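Reviewing the structure listed below.
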Amino acid sequence: MARNSRFFDDKHPWSETKDALLGNYLTPFFTKVYNASRDGIIYVDAFAGPGRFKDGTIGSPLLALEKYQAVCKSRRAKRPIQFVFGEAKRGLRRQLEANATDATNSVGYIKQPIIKDSFDEAMDCAVKVAVVGRKRPSTYFYYVDPFGFKYLRMAALLESPNPNHTEVLVNFNTVGFIRDACEALRIAIDVPSGIEILDVGFDDADLETERIQRLNAAIGSDEWKSIIEAVRDKSMNYWEAEYRISQLFCCNARRKYAYVTSMPIKDMSRMVALGGEIKYRLVHMTNNADGCILMNDEMLRRKQNQQDTLPGFLTLDVDGKDVQPEVVQQAMRDAVMQYPVGKQFQMRWVAAYVISRCGVFMNGTTLLRTYLKQLIEEGLIERVDKYRKDGKPRDNFAKETLVYRSPTYQTTIEFDGSSL
Ligand SMILES: C[S@@+](CC[C@H](N)C(=O)[O-])C[C@H]1O[C@@H](n2cnc3c(N)ncnc32)[C@H](O)[C@@H]1O
């Protein structure tokens, strides 16, 4: 691990972006799940590190402990939580034990964190452990931040005992993945000059079959091979392949999670002409529409802080890709058409559907105001509560607003058609 031996000396600027995203997300996340988590919360940080960097800044496990305590502070009823940490290096595990004990010693509603030797053991423990008696915990959050992908397994992320109340945030190292995929397939590709890959790849002793199995296990299928072959054949460029690899990871996560979003984390001081060098991606998975919208909005805030300014007339997503309004409008229509005529649904469900399919490019409320509004004006859907107290028509786009597909919409279309 020579290349990572100084990782915990001080934070890279892009690590700060990652921490800011996690930290800023955890406050609304814990607040959102608090009341519904009577049977406790399991919080897993499966590649935890020591908890504190040498420069004194806190690492992800202590960040989560702090955020939870801050949310609990103002509430009389405390929700019990079990933190489960994984760390493979003995020395770092010891530091983590000491740091976590310091942080939780006098806090009665936070149990002593469980610290395991590996990602696999931490994930396995999370599936089995209870917080309140023997009841199934109400809520799970998995934070998965490996150096590379070698010990990451998609299957473990999809195995929560309570999938409807589980969220996952993963650091997926697409650039390291491509390097190791090329090595495993013995394919040479043109790598853009200047790319700096910090994680360690396979050991020389790892067999070719084992490498391929690990790549399959990390991303969740073997479809990555055709992407790498396309780069070899020069029918796809390197950065397009990086994007496709991230999309494949997201697509495989959708087997269990309805809403999956991703954003690249960049070193903005390098590859400036490209808008920064992609170091890895943060991928968020959830079955909860609010979670998806909150993460979408937080990713957009990080992008504004971290990244490039956008040309005014284009809508670009967090990948810098041009978002076509007609594609978004069609996704919004598809989202609405999932519901039978007359069945009520909240605006948040269609917003999350569109974000998960079209990417992170616009905050949730603006998305509804821009694209759902058209469907209301067209008569495809109606608000359940149409008028305000003063008799004026409602025009809000709050996420909880109930709407339904209008029973008269189809008739209007038929009438228009027959009158032509
Ligand atoms: C990127 S660092 C995590 C940093 C941490 N999230 C933070 O913000 O402070 C990855 C950590 O995973 C540990 N690690 C490596 N292999 C592991 C495995 N198989 N299981 C658990 N931890 C592992 C490394 O020793 C390292 O401390």
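The values are calculated or read from the model by the stated rules, or taken from the named source; none is laboratory data. This structure is a prediction, so every number in the text was calculated from the model and none was measured. Quick note on the areas: whole protein, heavy atoms, side chains included, nothing else; ligands and nucleic acids left out. Shrake-Rupley method; radii C 1.70, N 1.55, O 1.52, S 1.80 Å.
Can you tell me, using C-alpha contacts under 8 Å and at least 6 residues apart, the relative contact order of the chain as a whole percent? Rounded, it is 13 percent for the chain. Per-residue surface analysis assigns ASP204 an accessible area of about 150 Å², computed on protein heavy atoms at 1.4 Å probe radius. Look at the Cα gyration tensor of segment 325-418: its axes a ≥ b ≥ c give a/c of at least 1.5 with a/b at or below b/c, and that counts as oblate.
At the residue level, LEU62 shows approximately 10 square angstrom of accessible surface with a 1.4 angstrom probe and all protein chains present. Computed from backbone phi with θ = phi - 60° and the Karplus coefficients 6.51, -1.76 and 1.60, the 3J(HN,Hα) list for segment 119-131 is 4, 4, 5, 5, 5, 5, 4, 4, 5, 9, 7, 10, 10 Hz; x is used for glycine and proline. Rounded to the nearest 500, the 222 nm mean residue ellipticity of the chain from helices alone is -13000 deg cm²/dmol, with -39,500 (n - 2.57) taken per DSSP H run of at least 4 residues. Segment 351-382 and segment 33-79 have their alpha-carbon centroids 33 Å apart.
Helix 409-418 axis versus longest C-alpha principal axis of the chain: approximately 60°, rounded to the nearest ten.
When every alpha-carbon pair in segment 175-321 is counted, what percent end up more than 20 Å apart? Percent of Cα pairs beyond 20 Å in segment 175-321: 54. Taking 0.36 nm per residue of separation and subtracting the Cα-Cα distance, full extension of the segment from ASP390 to ILE376 would add 2.9 nm.
For the set LYS18/LYS256; LYS78/LYS135; LYS18/LYS128; LYS73/LYS256; LYS54/LYS128; LYS32/LYS266, the pairs lying more than 22 angstrom apart at their alpha carbons are LYS18/LYS256; LYS18/LYS128; LYS73/LYS256; LYS54/LYS128; LYS32/LYS266. If the segment from LYS135 to ASP206 were pulled out straight at 0.36 nm per residue, it would be longer than the present Cα-Cα gap by 21.4 nm.
Tilt of helix 13-34 relative to the longest C-alpha principal axis of the chain, in degrees (0 to 90, nearest 10)? On a 0 to 90 degree scale, this one is about 60.
With all protein chains kept in place, the per residue accessible area of the chain amounts to 46 square angstrom at a probe of 1.4 angstrom. Less than 5 angstrom separates the built amide H of ILE381 from those of ILE376, SER406, all sequence-distant by 5 or more or on a different chain. Please say if segment 141-252 is rounded, prolate or oblate, where rounded means a/c under 1.5 for a ≥ b ≥ c the square roots of the C-alpha gyration tensor eigenvalues, and otherwise the choice is prolate for a/b larger than b/c and oblate otherwise? In terms of gyration-tensor shape, prolate. Computed in the context of the full set of protein chains, the accessible area of the chain at 1.4 Å probe radius has 50% of its extent on carbon or sulfur.
Taking every protein chain into account, the 1.4 Å probe leaves MET236 with about 30 Å² of accessible area, to the nearest ten.
Straight-line cross-link reach from LYS386 at under 26 Å between alpha-carbon atoms covers these lysines, not counting any fewer than eight positions away in the same chain: LYS343, LYS373, LYS399.
Take every pair of alpha-carbon atoms less than 8 Å apart whose residues are at least six positions apart; their mean separation over the length of segment 325-418 yields a relative contact order of 38 percent. Ranked by solvent-accessible area (1.4 Å probe, protein heavy atoms only, all chains present), the residues VAL132, VAL336 order from largest to smallest as VAL132, VAL336.
Going by a ≥ b ≥ c, the root eigenvalues of the Cα gyration tensor, does the chain fall in the rounded group (a/c under 1.5), the prolate group (a/b larger than b/c) or the oblate group? Since a/c reaches 1.5 but b/c is at least a/b, the shape of the chain is classed as oblate.
Based on C-alpha pairs under 8 angstrom that are at least 6 apart in sequence, segment 310-372 has a relative contact order of 39 percent.
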